[in-house]
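The values are calculated or read from the model by the stated rules, or taken from the named source; none is laboratory data. These numbers come from a predicted model, not from an experiment. Glycine gets a Cβ as well: all are built from the backbone with ideal geometry, and neighbour counts include every protein chain shown. What goes into the accessible areas is simple: the full protein's heavy atoms, side chains included, and nothing from ligands, DNA or RNA. Shrake-Rupley method; radii C 1.70, N 1.55, O 1.52, S 1.80 Å.
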Amino acid sequence: MINPLIFRAYDIRGIADPSLANPPLETPADLTEESVYLIARGAGTYLVNNYQVKTMAVGADNRLTSPALKAAYIKGLSECGITVTDIGISVSPMVYWSVCAMDFDAATNITASHNPKEYNGLKIVTKNAHSICGDELQEVVKLIQAHEANPENSPLIKVETPGKIFQQDITAQYLEDLASKVKVSRKLKVVVDAGNGAASKVAPELLRKIGCEVIELFCEYDGNFPNHEANPEEEKNMQDLIAAVKEHHADLG
């Protein structure tokens, strides 16, 4: 049975691989390929019924669990009849941008944001970046629970001809649009610490695009997050950045 507690106020988030925790957790995973497939069927049904969704962009961060969970999610959406475009590794703002600037009815990012590496999650939006959260996520839970209680009379959509699946890298379009909206009056020296997370490529590239000098720290994708968690809310994770800003006499980090 799916754990309803992972359906939080603003997104879906839970443990994806207990063995990745330090020390490893003994609790079962909340987000498995099977549960994420069911979430896709539930979310897909809700989106088709309430927002007439026909197309969706799906991205993911670079966590170790993200590729398998993304594949399961895309499969479930496709079986609801939704045409899915896999946009690869993405930061959440790029996913939100895709439903505002491109021809997608909805979008999802597979990500646990700043949580440790054992976590993962899903952020779902529709046109104009309307977030599926709160009461709407609870409606998705009810659909899944009704399916689990009576699979033979399931409310979840499953079409005979699945929706098509495409791949498209939208990063260049995203960065071009952002850069067109920003003017920097003088060249800034900026240190970027991406914590080996999903912003590792886009953050330095965007800053260079708008004319900044960029010094990179931990800007290589690594879902093990070997240097520190990609969580700037914890002061301990900012120490390398603080030191680099001082060392390079940077304007900001």
Six or more apart or on different chains, Cβ under 8 Å: which pairs go from a residue in the stretch 208-234 that's under 17 Å from ASN115 (Cβ atoms) and among the small types (Gly, Ala, Ser) to one that's open to solvent by less than 80 Å² (accessible area, probe 1.4 Å) and not in a loop (DSSP other than H, G, I, E, B)? Could you list them? GLY223/SER66; ALA230/ASN237
Which of the strands (runs of 3 or more DSSP E) contained wholly in the stretch 94-209 include at least 1 residues that are farther than 26 Å from ALA72 by Cα? 189-193
Looking for whichever is open to solvent by less than 40 Å² (accessible area, probe 1.4 Å), out of contact with any Asp or Glu (no Cβ under 9 Å at 6 or more places or on another chain) and part of a helix (DSSP H, G or I) here; the options are LEU69, LEU38, LEU47, LEU77. Which one fits? LEU77
Give all pairs with beta carbons closer than 6 Å in which a residue from the stretch 12-35 that is open to solvent by 40 Å² or more (accessible area, probe 1.4 Å) meets a residue that is among the hydroxyl-bearing types (Ser, Thr, Tyr); count only pairs at least 6 apart in sequence or on separate chains. ASP17/THR65
Inter-residue pairs, beta-carbon under 7 Å, first farther than 20 Å from ALA60 by Cα and in the stretch 165-180, second open to solvent by 70 Å² or more (accessible area, probe 1.4 Å), 6+ apart: ALA179/LYS209
The conditions are (1) under 28 Å from PRO18 (Cα atoms); (2) surrounded by fewer than 20 Cβ atoms within 10 Å (Cβ to Cβ); (3) in contact with a Cys (Cβ under 8 Å, 6 or more places away or on another chain), and SER200 fails exactly one of them. Which is it? (2)
So if I check each of LEU69, LEU64, which one is touching a helix residue (DSSP H, G or I) at 6+ places or on another chain (Cβ under 7 Å), free of Cβ contacts under 8 Å to residues at least 60 places away in the same chain and under 26 Å from LYS201 (Cα atoms)? LEU69
Can you name the residue in the stretch 123-151 that is over 24 Å from VAL84 (Cα atoms) and among the acidic types (Asp, Glu) and, of all such residues, is nearest to the chain's Cα centre (by Cα)? ASP135
In the stretch 90-107, anything within 16 Å of GLY121 (Cα to Cα) and crowded, with 24+ Cβ neighbours inside 10 Å is listed as SER90, VAL95, ALA107
Please work out which residue is least open to solvent (accessible area, probe 1.4 Å), limiting yourself to the stretch 219-240 and to residues that are touching a Leu at 6+ places or on another chain (Cβ under 9 Å) and part of a loop (DSSP other than H, G, I, E, B). GLY223
Check VAL53 against each of (1) assigned to a loop (DSSP other than H, G, I, E, B); (2) open to solvent by 20 Å² or more (accessible area, probe 1.4 Å) and name the one condition it does not meet. (2)
